[in-house]
Amino acid sequence: MRKIAVVTATRAEYGLLKNLIKSIESEKNLELQLFVTGAHLCLEFGETYKEIEKDFIITEKISMDLSSDTSVDISKSMAELQIQMSQRFNKLKPDIVVILGDRYEMLSMAIASMMQNIAIAHIHGGETTEGAMDEAIRHAITKMSHLHFCATELYKKRVIQLGEDPSRVFNVGSLGVESIEKEQLLSKSDFQASINFKLSKKNLLVTFHPATLEKQSSQEQFKELLDALDMLQETHIIFTKANADRDGKIINTMIEEFVQHHKESAILFASLGQKRYFSALSHIDGVVGNSSSGIIEAPSFHIATINIGQRQTGREKAASVMDVEVKKEAILKAIEKIYTHEFKDILKNSHNPYKAEATSEKIKEILQKTPLKNILKKRFFDLPNTHA
């Protein structure tokens, strides 16, 4: 049996991978190895490994020290994760390791896999996030990987542009968009009961992560957003915590203080889980912040996305996405625009560029059928006229 290892470190990442994991697990000639690490194992981020255990048997849990989010401490945690994963891979000997995205935990996974001569399958390569160091991490993982599952044709072209063999690069669409169609969403009343919070006349979901390459500090940026939200009337706000990135704790502390002063109109979750998160998107007016979910999944609900700052610069975007500066006035103006008749018409007709059919099945079949002999021997693919 071909052994397929899937690794996950965050709530959002697991939500994207869930259907693919199910598909691998159900295939008779594939053996699933599920590795869970990072924020999943931290109380501060909701101990989301418990949700995973409801769905699957976890092969290994690998703890990381996320008590500090300084650059030095994150680097130490990355090194420790790489050591631990090298030991696990050496013992369990997977044939392919599946890595999604661009987070620092995944870079440690990729290095551990590469040093064990294990083929790497990378999901969501070719994308750009110019306001975050994730940009460099994603492209580094691409160069270490052997199979590439991209979300759009543009991203597929970018991976090939990086020198990857076109026969190993596939446009399969987004796993997250596919998950929306497979999830049984909660009704408005059931959703409100599940979070013990009443929605209002207007409702927003806010997720803001550190933009690690921007000049303005995360604290300064997020204060602009909170100052804008503080001006709203008849609006209820659902916050989800920032990732375990550098300065993420600063943002989460600021959210906690804001919610403490707005108990009737705001609520904070370390993790909503996929069902409640997608259900939230089906009952709110818009997503505010700088999360990739606002770019990739939110457009499928025909709701607005107010994308703040440079963190997601470079991604393909639907017409429902508004890019705004990190300034209170610009954010307020964008929120007002959500409720105009003109923008509501745009939302009705917007198309999600990340939508495709049978994404998880396509990935599983390629993982299952791709010959592994000589897969580690990569050649740099030159584009036509490169040497002209």
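Every read-out reported here was derived from the displayed coordinates using simple, explicitly stated rules and does not represent laboratory data. Please read these numbers as outputs of a predicted model, since none were measured by experiment. As a convention, Cβ positions derive from the backbone with ideal geometry for all residues, glycine included, and neighbour counts pool all protein chains shown.
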| task | Would you indicate which of (1) 27, 56, 16, 0; (2) 28, 59, 13, 0; (3) 24, 47, 22, 7, 0 is the value of P(r) over Cα pairs in 20 Å bins from 0, in percent derived from the coordinates of this structure? | result | (2)
| said: What distance in nm lies between label points placed 7 Å from Cα along the C-beta direction at L332 and S189? | reply: 3.8 nm
| field | Electrostatic dipole magnitude of the range 184-349 [Cβ: Lys, Arg +1; Asp, Glu -1; Cα centre; debye, to 20] | value | 360 debye
| task | Quick one: go through the range 159-198 and flag any residue whose amide nitrogen is under 18 Å from the point 7 Å out along the Cα-to-Cβ line of N374. | result | 164-169
| query | If amide H atoms are built 1.01 Å from N in the plane of the peptide, which residues on other chains or at least 5 residues away come under 5 Å of the amide H of R2? | reply | E31
| field | Rounded if a/c under 1.5, otherwise prolate or oblate - the range 313-388, Cα gyration tensor axes | value | prolate
| task | May I ask you to derive the relative contact order of the chain, considering only C-alpha pairs under 8 Å and at least 6 residues apart, and to give it as an integer percent? | result | 17 percent
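Any chance you could run the full-extension gain for K182 through S67? It's 0.36 nm times the residue separation minus the Cα-Cα distance, nm to one decimal. It would help to have the intermediate numbers written out before the result.
On the way: separation 115, 0.36 × 115 = 41.40 nm, distance 3.53 nm.
Going from the current span to full extension adds 37.9 nm.
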| Can you give the net charge of the other residues whose Cβ lies under 13 Å from the Cβ of R379, counting K and R as +1 and D and E as -1? | +1
| request: Given the peptides 355-361, 54-60, arrange them by the average over their residues of other C-beta atoms within 10 Å, most packed first. | output: 355-361, 54-60
| field | Of K157/K241; K76/K373; K143/K249; K91/K157; K18/K333; K28/K182, those spanning more than 28 Å from alpha-carbon to alpha-carbon | value | K157/K241; K76/K373; K143/K249; K91/K157; K18/K333
| field | Most to least packed among 98-105, 40-47, 275-282 [average Cβ atoms within 10 Å] | value | 98-105, 275-282, 40-47
